[in-house]
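Since the structure comes first, as structure tokens, the remarks are kept for the end.
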Amino acid sequence: MTKKYLFIISILLSTFSISYTQTAIHQWTTHAPAMKVIGVDMMKEKIFAATPYEVFYYNTIDNSINKLSKVNGLSDFGVSVIRHNPHTNHIFVGYSNANIDLIDNNDNVININDIKNKNIIGTKTINDVYFIDHLAYVCCSFGIVVVDMNRKEIHDTYIIGKNGTYVNVNDITLYDNKLYAATSNGVYYADYPNEHLADFSQWTLDTSMQHHDINYSEIETFNNKLYANYSSNQWYSDTLFVYDGETWDYYDKSAASIKREIKAYEDRMLFVEHYSARVVDVNNKTIVRFTSIEPFAGIYDKNRNVYWIGDATNSLIKTKNDKDYEYVRFNGPYSNSSFEIKAKGDKVWVASGGYTLTWAKRWLNDGVSFYDNNSWSYLNKKNIEALDTITDLVCIAFDPTNDSKVYVGSYDTGILEFEDYKLKNIYDDKNSSLGKLKGYDYVYVTGMDFDSDNNLWIANSKTDKMLSVKTANGEWYSYGIGDNYISRLMVDDNDYKWILTRDGTFIVFNDNNTLSYTADDRYKIISTREGQGGLPQEANCMAMDHNGTVWVGTADGLAMFTSTSRIFESGANYDATRILVPRNDGSGQADYLLSGESVLSIAVDGDNNLWIGTTNGVFYIANNGLTEYHHFTQENSPLLSNTVQDIAIDDDGNVFFATDNGIISFRGKATTGKENNSEVVVFPNPVRQGYSGLVGIKNLTTNALVKITTIDGSFVTHLYTEGGQAVWDCTTIDGQRVEPGIYLIFISDESGNKEHYATKVLVQ
């Protein structure tokens, strides 16, 4: 017996597979655009780059890229400035809501939220920061806040405008024993050091300047002179002035491109402009000029004698001259706009267009982004010439017969057909049954879905025939179902088409499986009226669960239709049902499910539970509506916003939330069930010492039974799948943490029959 087990162990060790790439269960992942870098600085071997959403750093020693976000340390979302303080060796991260994070060289983050929480009328944006030793002079939209970076606290606040009024401070520098502040109302200065700078009378508006009361965006000290940049945020309108200690003069009288940043070094000054960057020496002679880029920020790395440029479309650029560019690209979707998000298998597509609350075009031209193999790519004007003039992509449908084919609807041009990530066809009013918006040259496609015969049904808003279908063999038909703006479309298990209207009602259409014969077509309106749907409020969204129940999200919670076939039964009551949830407070009373919540999106996971996106975060509830597993908000989780516009779930149980601040995902416990248990995967595997999270066992059939044993066959515990996945907390059936070792996993059906060995897991 001993020899047998030794033989088994040797086989297991020789065939042991390690999985590191799987996202841990209950782990969050941000998916923010990363191509646009608005701030750059360095701390020792790390080059820090800030996008408008999060922070990356590039390690120059091992060439690794690391991301810091709200998921793994940062306290907020929406970065406005990033700077390194060499005196304290911290990276200062300022946010558009005036929140502050300090990052040390070990990636530890300390949050200072005093300005964010300060009761100030108006905006509280951090524009820039200037360091004098351990003090950070933070330029805010209302004045100056001094932060003690050693003590990690607010030191003082200066309100420097006329008569102590708020003024937008854009930049600060120290020159000739004076603090100079570039503001929206001119350049102010005050003696430094000065213990009384909180007194507005200590600050003087410099009226000696020719244009003393206009907006100055940058101010910098270089070679014993002071430079101040006037900016009107218009093309070729910036004017740079220079002060020699006695008089102000023009640096260059010719019109200049917008200057986004000015940084001075001992022997050179870097100008970051709209479509270029240039470096001048102490004699104002150009050392180098970088073109064919769109920079937002830059630094000079003296130790390596290179420049690091934050670019609008190329992330981070390393260069010495205008010829040799090395790109450090951070991965993310192209756009932060996510009107609709759809998943199929392990792929996720995002439509980045949209339309307004009044159903007007938004003219967004960012195309679609797609997530595949843990990496984001995109299809838009940057890589497909035909998409240069096509705007507002708003809906997505995956071809059920071809995994490489995807249809994307445009609130502009009709339908785009992609295959293998290439644009194959554009369907509009000229080559299909789609119609134009009445009185305009637009083809509004707002929703799509496939029926059981693989026909593609299309919501063609505000036309004479608002419902079209492209058959599996390429024929087109259209149907008159009223005259309204329509949006989302879903096909249920009866092949009924549910079409959401501008009025928050549904048109339910039944073609009776006779596409070319319209005499037997029927449709009904589902509204708030009793006997005609009985919705509690206007509808915003819908989804169908695995039992065929149609769930409807309204302005006042959830409603459901459990038997959609009754809609077309003569004289049948097809009003929606609402679930009463007991309050459990001893009152004996109950409330309707999510009563008072405005539901914007619904998705169903592999275990038939519901993910509900609202204006108050995300609710994860059991299919019976009586159990709430989670309620994620911006305040209690890394969720980017409490407004969750759409939700998609991939086959691995990753739940993607499209918020009005971008996309973030959460690894849930439930996955889509497989046809058999032949490719079982365990993650993480091995389970490292100190890991306290859940272990996932995926690629299982629905309702499978999982048994875990020791290497010698001793029973440890059993688990049931949630959809196609089981989770183990590395404990025995008695709740005790298991000892380090190899554990065997056996799979059977829900009755315990047909048990077989599937895989193993190493717990360290």
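The values are calculated or read from the model by the stated rules, or taken from the named source; none is laboratory data. Since we're looking at a predicted model, the values are computed, not measured. Please note: Cβ atoms are built from the backbone with ideal geometry, for glycine as well, and neighbour counts cover all protein chains shown.
Taking residues in segment 136-158 that are over 18 Å from Pro86 (Cα atoms) and among the polar types (S, T, N, Q), and partners anywhere that are outside any strand (DSSP E or B) and at pLDDT 95 or above, the pairs with Cβ atoms closer than 7 Å and at least 6 places apart or on different chains are Ser141/Asn168; Thr157/Gly143; Thr157/Ala198. Take the conditions (1) in contact with a strand residue (DSSP E or B) (Cβ under 7 Å, 6 or more places away or on another chain); (2) surrounded by fewer than 21 Cβ atoms within 10 Å (Cβ to Cβ); Val552 misses just one of them, which is (2). Being under 36 Å from the mean Cα position of the chain (by Cα) and either under 27 Å from Phe398 (Cβ atoms) or assigned to a strand (DSSP E or B) (or both) is a property that holds for Leu500.
Only residues that are over 21 Å from Asp483 (Cα atoms), within 27 Å of the chain's Cα centre (by Cα) and surrounded by 23 or more Cβ atoms within 10 Å (Cβ to Cβ) were counted in segment 415-472, giving 1.
Being in contact (Cβ under 8 Å) with a residue 24 or more places away in the chain, part of a loop (DSSP other than H, G, I, E, B) and surrounded by 17 or more Cβ atoms within 10 Å (Cβ to Cβ) is a property that holds for Thr23. Need at least 3 residues that are over 21 Å from the mean Cα position of the chain (by Cα) per element, so show me which strands (runs of 3 or more DSSP E) inside segment 569-624 make the cut, counting only ones lying wholly within it. Answer list for segment 569-624: 580-582, 590-592. Residue under question is Trp363, and the condition is that it be loosely packed, with under 15 Cβ neighbours inside 10 Å and in contact (Cβ under 8 Å) with a residue 24 or more places away in the chain; does it hold? Yes; evaluated as a whole, the condition is true for this residue. For segment 612-621, indicate whether the set of residues that are crowded, with 18+ Cβ neighbours inside 10 Å and either at pLDDT below 95 or not assigned by TED's automatic domain parsing to the domain that holds Gly548 (or both) is non-empty. No, because not a single residue in segment 612-621 is crowded, with 18+ Cβ neighbours inside 10 Å and either at pLDDT below 95 or not assigned by TED's automatic domain parsing to the domain that holds Gly548 (or both). Being over 30 Å from His546 (Cα atoms), free of Cβ contacts under 8 Å to residues at least 24 places away in the same chain and over 36 Å from the mean Cα position of the chain (by Cα) is true of Thr732. Here the strands (runs of 3 or more DSSP E) wholly within segment 338-384 that include at least 1 residues being among the polar types (S, T, N, Q) are 368-372, 375-379.
Restricting attention to segment 308-329, the residues that are under 19 Å from the mean Cα position of the chain (by Cα) and crowded, with 23+ Cβ neighbours inside 10 Å add up to 1.
When restricted to residues that are farther than 18 Å from Asn127 by Cα and in contact (Cβ under 8 Å) with a residue 24 or more places away in the chain, segment 173-191 contains 3. Return the residues of segment 560-581 that are closer than 18 Å to Glu628 by Cβ and in contact (Cβ under 8 Å) with a residue 40 or more places away in the chain; say none if nothing qualifies. Scanning segment 560-581 gives Arg578, Ile579, Val581. Being out of contact with any helix residue (DSSP H, G or I) (no Cβ under 8 Å at 6 or more places or on another chain), in the same structural domain as Asp646 (by TED's automatic domain parsing), closer than 30 Å to Val655 by Cβ and charged (D, E, K, R) is a condition met by at least one residue of segment 536-550.
Which ones in segment 563-599 are among the acidic types (Asp, Glu) and modelled with pLDDT under 90? Show your work before the answer.
So in segment 563-599, the residues among the acidic types (Asp, Glu) come out as 569, 575, 585, 591, 597.
Within segment 563-599, Glu569, Asp585 qualify.
Quick check: anything in segment 62-80 surrounded by 19 or more Cβ atoms within 10 Å (Cβ to Cβ), more than 24 Å from Ser335 (Cα to Cα) and not assigned by TED's automatic domain parsing to the domain that holds Ser637? No, because not a single residue in segment 62-80 is surrounded by 19 or more Cβ atoms within 10 Å (Cβ to Cβ), more than 24 Å from Ser335 (Cα to Cα) and not assigned by TED's automatic domain parsing to the domain that holds Ser637.
Does any residue of segment 514-522 turn out to be part of a loop (DSSP other than H, G, I, E, B), more than 25 Å from Gln645 (Cβ to Cβ) and charged (D, E, K, R)?
Looking through segment 514-522, at least one residue is part of a loop (DSSP other than H, G, I, E, B), more than 25 Å from Gln645 (Cβ to Cβ) and charged (D, E, K, R).
Residue by residue, here is whether (1) more than 29 Å from Lys438 (Cα to Cα); (2) under 32 Å from the mean Cα position of the chain (by Cα) holds:
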site	(1), (2)
Tyr485	no, yes
Thr505	no, yes
Asn547	yes, yes
Leu558	yes, yes
Thr562	yes, no
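Has segment 640-648 got any residue that is under 24 Å from Leu694 (Cα atoms), modelled with pLDDT of 95 or more, crowded, with 21+ Cβ neighbours inside 10 Å and not polar (S, T, N, Q)? Yes; the residues of segment 640-648 include at least one that is under 24 Å from Leu694 (Cα atoms), modelled with pLDDT of 95 or more, crowded, with 21+ Cβ neighbours inside 10 Å and not polar (S, T, N, Q).
Against the conditions (1) closer than 18 Å to Gly482 by Cα; (2) touching a helix residue (DSSP H, G or I) at 6+ places or on another chain (Cβ under 7 Å); (3) buried (at least 17 other Cβ atoms within 10 Å of the Cβ), Arg522 satisfies every one except (3).
Within segment 352-365, does at least one residue satisfy the condition of being closer than 26 Å to Ile65 by Cα and of a type in the set (S, T, N, Q)? Checked segment 352-365: no residue is closer than 26 Å to Ile65 by Cα and of a type in the set (S, T, N, Q).
Please verify whether Ala704 is of a type in the set (A, V, I, L, M), buried (at least 23 other Cβ atoms within 10 Å of the Cβ) and within 18 Å of Lys342 (Cβ to Cβ), treating the condition exactly as stated. Judged against the criteria, Ala704 is not a match.
Residues in segment 483-497 that are in contact with a Phe, Trp or Tyr (Cβ under 8 Å, 6 or more places away or on another chain) and part of a loop (DSSP other than H, G, I, E, B): Tyr485, Asp492, Tyr496.
Per this entry, Gly533 is not counted among residues that are touching a Cys at 6+ places or on another chain (Cβ under 8 Å), more than 18 Å from Asp449 (Cα to Cα) and buried (at least 18 other Cβ atoms within 10 Å of the Cβ).
Scanning segment 372-386 for residues that are within 23 Å of Gly613 (Cα to Cα) and small (Gly, Ala, Ser) turns up nothing.
Collect the residues in segment 189-224 that are part of a strand (DSSP E or B) and either surrounded by fewer than 16 Cβ atoms within 10 Å (Cβ to Cβ) or β-branched (Val, Ile, Thr) (or both), keeping them in residue-number order. Across segment 189-224, the qualifying residues are Asp191, Thr204, Ile219, Thr221. If we scan segment 409-425, do we find a residue that is at negative phi, outside any strand (DSSP E or B) and among the small types (Gly, Ala, Ser)? Among the residues of segment 409-425, not one is at negative phi, outside any strand (DSSP E or B) and among the small types (Gly, Ala, Ser), which makes the answer no.
Within segment 393-405, can one find any residue that is β-branched (Val, Ile, Thr) and in contact with an Asp or Glu (Cβ under 8 Å, 6 or more places away or on another chain)? Yes; the residues of segment 393-405 include at least one that is β-branched (Val, Ile, Thr) and in contact with an Asp or Glu (Cβ under 8 Å, 6 or more places away or on another chain).
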